[in-house]
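The numbers here are math on the coordinates, done by the rules we state, and not lab data. It should be emphasised that the depicted structure is a prediction, and the values quoted were computed from it without experimental measurement.
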Amino acid sequence: MSHSKITIVTVVYNAVETLEATIASVLEQSYQYIEYIIIDGLSTDGTIEIINRYKNKLANYISEPDKGIYDAMNKALSLATGDWLLFLGADDILYNANTIENMVSVCIDKDNLYYGNVYLKQSKIIYNGKTNKWRLAYGNISHQAIFYPKCFYKKYKYELKYPIFADHIYNIKLYANYARRFVYVNEIITIYNENGFSSTSNDKMYFTDINIIIGKCLGIGPRIYAQFRKSIAKFR
């Protein structure tokens, strides 16, 4: 019997206080066929020592300088061999020990992108349910809840000119071409730390380009909708 392989990737730089819990949440999974890859940006705070403790349980591990988080993720896309790939932040953990097994049970078509929810650790709410072009224009699917099929992640890379929000651009462009292959699964995938890098950083190129990209990929209606929602949020 053939079993689906799931690649889980953690990209990390100086996360000595949180990484071990992230690794443990992967290693304790009830599902056996997991390929775990860690891409480290040459950490200096003790992170590498933590990784070395678990090195024999990793499918692959790189520690070298990079050009940012999405450069590291692109390295992972080249190394990964799983039927689906999930990115798990170095300060996030999988929801429980059965998370991957539960998802694999519904991941039937290897050409589909499957996505679920995350539990926001600080807000104590579940984000974000089923998406569509309107919702995707205004807010991204959580990166830590998406299982990208090999046919996507081997073909498309992240654009490095967007250092913080390249995953939103990535998902918008995928959805524009493959909307019917986005399949929502009502499962919590990850406990997400809202205080992470993308939550506290800026991305000028993203904010310069996003409305044009939304209009081109999703249509003028979603573009106007997203601009209106952002204006209202800013006013409030």
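Summary of values
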| read-out | value |
| --- | --- |
| HN-Hα J in Hz across the stretch 62-70 - Karplus 6.51, -1.76, 1.60, θ = phi - 60°, x for Gly and Pro | 10, 10, 7, x, 9, 9, x, 4, 7 |
| Residue-wise HN-Hα coupling along the stretch 146-161, computed from phi with Karplus coefficients 6.51, -1.76, 1.60 (Hz; x: Gly, Pro) | 10, 9, 7, x, 4, 5, 8, 6, 7, 9, 10, 10, 7, 8, 6, 6 |
| Cross-link table Lys67/Lys157; Lys155/Lys216; Lys121/Lys157, entries beyond 19 Å C-alpha to C-alpha | Lys155/Lys216; Lys121/Lys157 |
| The stretch 64-120 versus the stretch 148-218: alpha-carbon centroid distance in Å | 13 |
| From phi via Karplus (6.51, -1.76, 1.60), per-residue ³J(HN,Hα) for the stretch 100-116 in Hz, x at Gly/Pro | 5, 4, 5, 5, 4, 5, 10, 7, 9, 9, 6, 9, 9, 8, 10, 9, x |
| Leu42 long-range amide H proximity, modeled H, under 5 Å | Glu64 |
